[in-house]
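Worksheet: one structure, shown below.
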């Protein structure tokens, strides 16, 4: 985008990849809602609250990603059809077991990290500091979340 001083071709590619990330975050968010609703067992109270915390956090990230797409001159994807077409995450369907639920979160975060690291590399290459900083923050946050979830799993 010329007004931001970024090369147009590479910025367009980053917008497309941000939309992939947005789509995957929407699936991650919905997975977390399902885990929150369906968790059972002795760790119910602990995980019910944790999954709510995570989906509230994911909702904020979704908005930030969509706004970054807009800032770069793109249009954020906003249909379930688009989300599913771009999804790379496993879909959590009726997971009630505590360990399986936490493993789903860990695996989802690991898959999101792959997309974010690609964006970090591409945004760094064109000095897109806004996208770069966002990806750096997401990566740091999610690496810590993975560590904590793995500690929970033992």
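Nothing in this text is a laboratory measurement; each read-out follows from the coordinates by a stated rule. From a predicted model like this one, the values you see are computed outputs, not experimental measurements. All Cβ positions, glycine included, derive from the backbone under ideal geometry; neighbour counts span all protein chains shown.
General remarks:
- Centre-to-centre separation between the Cα atoms of region 119-154 and those of region 2-76: 13 Å.
- Region 99-142 residues near the modelled residue 3 label - backbone nitrogen below 12 Å, point 7 Å along Cα→Cβ: none
- Cut-off 20 Å, label 7 Å out along Cα→Cβ of residue 125, residues of region 8-27 by amide N: 8-22
- Förster-model FRET efficiency, 30 Å R0, residue 46 and residue 137, C-beta, rounded to 0.05: 0.70
- C-alpha long axis of helix 44-71 to longest principal axis of the chain, angle in °: 10 degrees
- Relative to the longest principal axis of the Cα atoms of the chain, helix 129-153 runs at roughly 10 degrees.
- Sequence-distant contacts, meaning Cα pairs under 8 Å at least 6 residues apart, place the relative contact order of the chain at 30 percent.
- GNM top mover of 102, 49, 27 - the chain, alpha-carbon springs below 10 Å: 49
- Each eigenvalue of the Cα gyration tensor of the chain, multiplied by 5 and square-rooted, gives one semi-axis; in descending order these are 31, 15, 11 Å.
- Ellipticity estimate at 222 nm from DSSP helix runs (n ≥ 4, -39,500 (n - 2.57)) divided over the chain, nearest 500: -27000 deg cm²/dmol
- Three-way shape call for region 83-154 based on the alpha-carbon gyration tensor, with the a/c threshold at 1.5: oblate
- Selected from 57, 142, 26 as most flexible by GNM, with the chain as the system and alpha-carbon contacts under 10 Å: 57
- Extension gain for residue 78 to residue 37 (0.36 nm times residue separation, less C-alpha to C-alpha distance): 12.4 nm.
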